[in-house]
Amino acid sequence: MKKPFACVFAVLAALIVGACSVPDTVDRRDVAGLATEIRGLGPDIDPEEAERAARIAYDYTSQLAAEYQITDPPLIHNTKVNRGLRPRGLCWHWAEDMEARLKQENFQTLTLHRAIANADNPFRIDHSTAIISRRGDSMFEGVVLDPWRYGGKLYWSQLQADTRYNWRPRMEVLEWKRQRREEKQRLAFIE
């Protein structure tokens, strides 16, 4: 009587663990969809560059998920990173690594940007991402590449369509934070 229960429990445990793991393969239809979105950024986008950027974004997401040892949803993984139990995998790690990898391609018709959301929201943690756009365009005309959001599964969309986050240029946010720190220090000195 105990064996069937143990078998059912083992199968359920395997399904639960499997549901939390990162997929091993990249669906080429997803790559094609992202390539189409990137090509749609403008008529002067090199189709080969768009396809290469899309393929790298997906393949590198899978590679980083393995390197970061992603087995949990993002916020749980963040806790593991912050406690020293995982090497990397905070959102800014994903954004930094994705940007660096794509920049290695020296695209002629595409540009990479970094953005941060929630910096001015005390109830949410900051979130970083990489954005790809047509060369000469701002990040606001680009496509968000966010592998952190779904724990190692690449999320992408036009920045304007990503209503979950209010993206701002990374350098603008870092400057705003620097000014806030200085103001707090100045006020603390006065008191």
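Values in this text are rule-based calculations from the coordinates and carry no lab data. Values in this document were obtained by computation on a predicted structure and should not be read as measured data. In this analysis, Cβ positions are derived from the backbone assuming ideal geometry, glycine residues included, and neighbour counts consider all displayed protein chains.
Residues in the stretch 94-101 carry Karplus couplings, in order, of 4, 5, 4, 5, 5, 4, 4, 5 Hz; the curve used is 6.51 cos²θ - 1.76 cosθ + 1.60 with θ = phi - 60°, and Gly or Pro positions show x. Dimensions of the stretch 27-185 from C-alpha coordinates, computed as largest minus smallest value along each principal axis and given longest first, are 49, 36, 27 Å. Lys and Arg at +1, Asp and Glu at -1: add these up for the other residues within a Cβ distance under 10 Å of ASP72 and post the number. Its environment carries a net charge of +2. All C-alpha pair distances within the stretch 41-99, sorted into 5 Å bins from zero, spread as 4, 18, 23, 19, 12, 9, 7, 6, 2, 0 percent across the bins.
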